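No value in this document is a laboratory result; all are computed from the given coordinates. Keep in mind that this is a model prediction, so the values were computed, not measured. Every residue, glycine among them, receives a Cβ derived from its backbone with ideal geometry; neighbour counts consider all protein chains shown.
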Amino acid sequence: MRVEKIGVKRWLFLLAICSCLLSSSCVRVLKLKNDDGRPVYNHTLAVTLVEYVSAVYMSDLTELFTWTCERCNGLTKGFQVIEIIVDVEHCLQGYVGVAKDLNAIVIAFRGTQEHSIQNWVSDLFWKQLDLNYPDMPDAMVHHGFYSAYHNTTVRPAVLAAVKRAKKSYGANINIIVTGHSMGGAMAAFCGLDLVVNEGEENVQVMTFGQPRVGNAAFASYYSLLVPNTFRITHDRDIVPHLPPFFYLFPQKTYHHFPTEVWVRDVSFSNFILLNSEEVCDNTGEDPTCCRSVMGTSITDHLSYFGVELGGETWRQCNIVMSHEMESYSSKDSKGNIFLSWTVPSMEVTESKTGVFSL
């Protein structure tokens, strides 16, 4: 009899939780600390961009280019791809396109695929601050993070695609840069590059599970130049804790730039009921956010807002592309692949189905 009563109580509790979830007031817990004039975190934008980041991992370039892949739906339906870049030499992938519902050019970068995620995470423990960021006194970054964007085929292809998109959609269109894991580091350098070297003003960066990329001086410069930046971290995701932050040597160690948004899973009996989101302080290293827990989870790194982030398989940089894409594709001398859509100089209209027509 006692067991039955416990079972009934448990079901009543679950029923209460389900009722709570159905009401708008209980869907999520959002703690806002940024009452000092900083940009405001947008949850709807975050759950949209995480779908764009998930799609960039797809290896079928035909489906990605035509935006028909299994991850190219939902909140991203109707997206128009302008350029896909596959740097085969360094196992990098990204795309540039236009989301008319966001009135924005979206630039997305893929995380690491060359090695297993476990090996890549292990390597993050030992990355050194070994490169002075150009024209920023005392600002240091890791050369690998910097070079992945600046010293590969990625940067020139991205900038050229942005210029083509702006020519068609207008010079004042917003630019949103996003990425997951290593792709988040690339997104940060891309956003900074667009502001500093390309003179862009309407740039927002939102990353997921991004590692630290530079020291405190770099973080200060970055937060001043690209203030509309949000780093989403998930519960105990290990990657945002790396490379390590040593609070006893704040000027000699890696340091995150703001603003972190810490997403925590609220669960009951191993069932995730909802996510709580905390917008952290403007230091970049808020001790009450993800730094308040041990970063031990790779599982948390590979899923944000319930969306899978990662390729179909690890340890490969393979791609699939149909012959139909030959008229859109080109290769450089090193075998790097580019799929380019020439956007006509006219307004793009959206059909009732949400698909862009030219």
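A few remarks follow.
- Over 22 Å apart at the Cα level, from the set 100/166; 100/167; 100/331, are 100/331.
- Using C-alpha pairs below 8 Å separated by at least 6 residues, the relative contact order for region 30-357 is 22 percent.
- In a DSSP loop and with at most 12 other Cβ atoms within 10 Å, the GluC sites (Glu not before Pro) in region 44-108 are 70.
- Local electrostatic count, residue 240, Cβ distance below 12 Å [Lys/Arg +1, Asp/Glu -1]: -2
- For region 74-170, trypsin sites (Lys or Arg not before Pro) meeting the loop criterion (DSSP other than H, G, I, E, B) and having at most 15 other Cβ atoms within 10 Å: 77.
- Spin-label model, residue 143/residue 265: points 7 Å from Cα along the beta carbon direction are separated by 3.9 nm.
- Net charge over other residues, Cβ less than 12 angstrom from the Cβ of residue 296 (K, R count +1; D, E count -1): -2
- The calculated FRET efficiency for residue 333 paired with residue 274, based on their beta-carbon distance and R0 = 45 Å, is about 0.30.
- Stretching residue 198 away from residue 248 to a fully extended chain increases their span by 14.3 nm, per 0.36 nm per residue minus the current alpha-carbon distance.
- Stretchable slack from residue 103 to residue 292, in nm (0.36 nm times residue separation minus alpha-carbon distance): 64.4 nm
- Among residues other than residue 255 with Cβ under 14 Å from its Cβ, the summed charge is 0 (Lys and Arg +1, Asp and Glu -1).
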